[in-house]
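Here the structure is laid out as structure tokens; the discussion comes afterwards.
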Amino acid sequence: MKAIFLGPPGVGKGTYASRISPQMGIAHISTGDLLREEVKKKTELGLKAKEYMDRGELVPDELVIDMLEKRIREKDCENGFILDGFPRTIPQAEALEKIVKIDVVINLLLKDEFLIEKISARRQCRKCGEIYNLADIDREGIKMPPILPKVPGKCDKCGGELYQRDDDKEETVRERLEVYKKQTAPLIEYYRKKGLLKEVRVTGGPEKMVPIVMEAMRSPPQTK
Ligand code: AMP
């Protein structure tokens, strides 16, 4: 199974992918996590990527495509993978098509107001990347309880320190949503035309949504 999770920042791509990939025995590839790793290690790519990431802009296509191509060729991707945060532009989607055949694209939908609330309350583990959320949303038919660690500030999985990403602060979040609408949202039509798109409206937390997203991945995509 080779799937793409599409959708605005904060919609839950990373959370769902991290829970679904072990259940399906496929890799979870987050280009955001890969880039943050490069930034942490201060590699040449990391130093270049950081200035774009800090501004909430996209890292240039050629840098991300190269990194993604190397990652997809690793052994753990042989059984399949979930791409989380890639592609984010039409040129990235076209480059991906030359590397591998995608089975399904899941487009996750949630209103901006909730996205901003969720991103501002997101916390991530510095060591393993696990995602938590302090927001407690229960209105307009949307019920998203907080995802809290057992010990405040510490990751349940590896004990690592939880932190707020610099680009999850409100000013940068608004820029990222704009970037999403301009540069990434056109991919929805791109994949709809290819007959690969499945839309999933997010109405709850991972306990409710993970089975729904998995079902959408397994059922055949909508026809053109
Ligand atoms: P994410 O963790 O997916 O929200 O990504 C964090 C940041 O990394 C984005 O705001 C971009 O600056 C950069 N980034 C991640 N994936 C891509 C991509 N496919 N293309 C360009 N930039 C990316």
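A few remarks follow.
- Estimated inter-spin distance, Lys98 and Leu47, nm [label 7 Å along Cα→Cβ]: 2.8 nm
- The distance between label points at Glu78 and Glu178 comes to 4.7 nm (points 7 Å beyond Cα on the Cα→Cβ vector).
- Magnitude of the charge dipole for the chain, about its Cα centre and with charges confined to Cβ atoms of Lys, Arg (+1) and Asp, Glu (-1), is about 460 debye.
- Computed over segment 82-139, the range of Cα coordinates on each principal axis works out to 41, 31, 19 Å, biggest value leading.
- Summary of packing: across the peptides 113-124, 94-105, the per-residue average of other C-beta atoms within 10 Å ranks them, highest first, as 113-124, 94-105.
- Taking the convex hull of the alpha carbon positions in the chain and averaging its projected area over all directions gives 11.7 nm².
- Eigenvalues of the alpha-carbon gyration tensor of segment 167-221, scaled by 5 and square-rooted, set the equivalent ellipsoid semi-axes at 25, 19, 6 angstrom, largest first.
- Note on segment 122-165: Kirkwood radius taken over Cα pairs, Stokes-Einstein applied at 10 °C and 1.306 mPa s, translational D equal to 146 µm² s⁻¹.
- Values of log10 I(q)/I(0), in the order q = 0.11, 0.20, 0.21 Å⁻¹, for segment 55-182 under a Debye, Cα-only, solvent-free model: -0.52, -1.30, -1.31
- Near-label residues of segment 150-182 by backbone N, under 11 Å of a point 7 Å along Cα→Cβ of Leu134: 153, 163-164
- Distance between segment 90-118 and segment 136-200 - C-alpha centres, whole angstrom: 12 Å
- Computed lengthening from Cys158 to Thr203, 0.36 nm per intervening residue step minus Cα-Cα distance: 13.3 nm
- In range of the label at Lys127: residues from segment 156-179 whose backbone nitrogen is under 16 Å from the point 7 Å along Cα→Cβ: 156-163
- Alpha-carbon geometry of segment 37-123: the Rg and the Dmax are 15.0, 40 Å, given in that order.
- Using a cutoff of 8 angstrom between alpha carbon atoms and counting only pairs six or more residues apart, the relative contact order for the chain works out to 28 percent.
- Eligible lysines near Lys157 by straight Cα distance, threshold 20 Å, same-chain separation 8 or greater: Lys13, Lys127
- Contour minus Cα-Cα distance for Lys143 and Asp54 (0.36 nm per residue): 28.9 nm
No lab work stands behind these numbers, since they all come straight from the coordinates. In this text the structure is predicted, and so the values were computed from the model without any measurement. We place every Cβ from the backbone using ideal geometry, glycine too, and count neighbours over all the protein chains shown.
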